[in-house]
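Data first, discussion second: the structure below is written as structure tokens.
Values quoted throughout were computed directly from the atomic coordinates according to the rules given, and no laboratory measurement underlies them. On a predicted model such as this, the values are computed, not experimentally measured, just so you know. Ideal geometry is used to build each Cβ from the backbone, glycine not excepted, and the neighbour counts take in all protein chains shown.
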4 protein chains.
Amino acid sequence: MNLFRHPHRVTYAECTLGNHIYYARFLDLFEKARGEFFRAIGTPFLSLQEEGILLPVLEADVRYAAPVRYDELVRVEVVPRIHGRLRMEFRYTVIGPCDDARVTGRTLHVATGLDERPRRLPPQLADAMAPWLQCPGGPATS
Amino acid sequence: MNLFRHPHRVTYAECTLGNHIYYARFLDLFEKARGEFFRAIGTPFLSLQEEGILLPVLEADVRYAAPVRYDELVRVEVVPRIHGRLRMEFRYTVIGPCDDARVTGRTLHVATGLDERPRRLPPQLADAMAPWLQCPGGPATS
Amino acid sequence: MNLFRHPHRVTYAECTLGNHIYYARFLDLFEKARGEFFRAIGTPFLSLQEEGILLPVLEADVRYAAPVRYDELVRVEVVPRIHGRLRMEFRYTVIGPCDDARVTGRTLHVATGLDERPRRLPPQLADAMAPWLQCPGGPATS
Amino acid sequence: MNLFRHPHRVTYAECTLGNHIYYARFLDLFEKARGEFFRAIGTPFLSLQEEGILLPVLEADVRYAAPVRYDELVRVEVVPRIHGRLRMEFRYTVIGPCDDARVTGRTLHVATGLDERPRRLPPQLADAMAPWLQCPGGPATS
């Protein structure tokens, strides 16, 4: 199984009082990492959109174990799963410079057309994701 | 049980492509509603902070049932719970103009001092919250 | 001349390190106040959009005289001007609880159709704005 | 004169209705590019802060010539100037994949201590910036 990692340097724009990333901004960061994942596997999100496929978020969860500070260089590990013909899940771990997991999260997506109605995930997308999918019995990352 | 409602008009700044609130911005909206809740019960968050109490978020979950569009006037219903001596939970429902629940969420907080170490919830805060607490056997709002 | 005022309570989401509103967020706040101005004069921005009129921003300027802190209740004063048949300008002053101007700004907009091409400002919009327009020789507010 | 360039891939989080970066987010992008500039010249902003130097923004201006779309890879060119002993200015140009300038901007900063009072710019910072400074009589980039 391949593991996708996205580096990120924390800006002032993301932080709030107390010098840490504001709790909502991790969902922005997950979107950024997810977008780079789709690009890395050769199916940029924009090309899916041009084929009429959207992947709106149904559920998002975040667990905050430790703060992430201004100017830290973290990495976001992204692990995808496919659920049936319509749904896709991503798990994220935000990891600090000393390999310490700070924040974990999950987003669940459903494939739809531009009309916002459910639509089957394109087979070529599932193929492109295959090397990155977590084995059902494999170790959890978050 | 009292029910706290916070009205909100959707701006461009919150929206993204496809004309709906970007998924992360609901956590900003929950913070805004939560802050107004603390003010409404007579214990503004800033006054807690001045007593050395912070309430960082440990967990946040969001469920997206339907999009919220630019310029819609929605209301956020906020239902608090207290768990033991240290933890507090809020449940949120974002409700559209036709009384339709669009998005629900939950945040779990722990009381800490300014040193980020756990600290008992102040009794006067629990007292102020009492009329707003959801009864354990009561109907869930989200 | 009428003067439009929009109240705003500062949230964590807007603040950054050092406990003040992050410099970019004032443009979000100006948009919020501008949207409420359009609503107040009876031509909500959404209704203009439904008539095929957009008002994209050509220029934005902000001057930061003093910080705005978490939980402060400020008001934004909004003064519009019309320049010719295509352009509209807004000047903003963010004023603290003690009537102290903290931040001032300006946005310049051009009317366009949905095709992003320039289009004449609708006469009914100019009429609705008339009571709020700053007299050319009047005192500047920012 | 060296020219600092910072690449940036546009995310959903930055965009709004109409599929372009929301006008306020360019100031976030300028901060990100500015932070990378300070790092590139060997004086990360955090190290200045640890020496008790802050560089709050006094003025910010943005000129929007053309929209920047979702998923575009743009670059931000950053040109610094030093004004006297206290002030520093940055000019930014956001340039699209076909070398087309889309948005330009400027931020003016004053050096202060942690007490928010003016403080002389450290000489080692001026030295580190020297190779990047725009010559007074040189061509403007924005």
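General remarks:
- Flag for A:THR112 being farther than 26 Å from B:LEU55 by Cβ and touching a strand residue (DSSP E or B) at 6+ places or on another chain (Cβ under 6 Å): yes
- Extreme residue, nearest to the chain's Cα centre (by Cα), among residues of the range A:1-45 that are of a type in the set (Gly, Ala, Ser) and in a helix (DSSP H, G or I): A:ALA33
- Residues of the range A:61-76 that are more than 16 Å from the chain's Cα centre (by Cα) and not hydroxyl-bearing (Ser, Thr, Tyr): A:ALA65, A:ALA66, A:PRO67, A:VAL68, A:ARG69, A:ASP71, A:GLU72, A:LEU73.
- Of all residues in the range A:1-23, those that are at the interface with another protein chain (Cβ under 7 Å from one of its Cβ atoms) and touching a residue at least 12 places away in the same chain (Cβ under 8 Å) have Cβ atoms under 7 Å from Cβ atoms of residues that are surrounded by fewer than 19 Cβ atoms within 10 Å (Cβ to Cβ) and assigned to a loop (DSSP other than H, G, I, E, B), 6 or more apart or on another chain, in A:TYR12/C:LEU17; A:CYS15/C:LEU17; A:ASN19/A:ARG69; A:ASN19/C:LEU17.
- Verdict on C:ILE41 being within 12 Å of C:VAL78 (Cβ to Cβ) and β-branched (Val, Ile, Thr): yes
Yes/no matrix, rows are residues, columns are (1) over 30 Å from C:LEU46 (Cα atoms); (2) within 10 Å of another protein chain (Cβ to nearest Cβ); (3) within 15 Å of the chain's Cα centre (by Cα):
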{"position": "B:ILE53", "(1), (2), (3)": "yes, no, no"}
{"position": "B:PRO56", "(1), (2), (3)": "yes, yes, yes"}
{"position": "B:GLU59", "(1), (2), (3)": "yes, yes, yes"}
{"position": "B:VAL78", "(1), (2), (3)": "no, no, yes"}
{"position": "B:GLY84", "(1), (2), (3)": "yes, no, no"}
{"position": "B:PHE90", "(1), (2), (3)": "yes, no, yes"}
{"position": "B:ASP99", "(1), (2), (3)": "no, no, no"}
{"position": "B:VAL103", "(1), (2), (3)": "no, no, yes"}
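- Here A:ASP99 clears all of (1) farther than 17 Å from A:LEU58 by Cα; (2) in contact with a Phe, Trp or Tyr (Cβ under 8 Å, 6 or more places away or on another chain) except the condition numbered (2).
- Identity of the residue in the range D:93-109, of a type in the set (A, V, I, L, M, F, W, C) and touching a strand residue (DSSP E or B) at 6+ places or on another chain (Cβ under 7 Å), that ends up farthest from D:HIS6 (Cα to Cα): D:LEU108
- Entry remark, the range C:24-43: residues being without any contact (Cβ under 8 Å) to a residue 12 or more places away in the chain, within 11 Å of chain D (Cβ to nearest Cβ) and not hydrophobic (A, V, I, L, M, F, W, C) number 2 in total.
- Residue in the range D:46-59 that is in contact with a helix residue (DSSP H, G or I) (Cβ under 6 Å, 6 or more places away or on another chain) and either over 28 Å from A:ARG34 (Cβ atoms) or of a type outside the set (Asp, Glu) (or both) present: no
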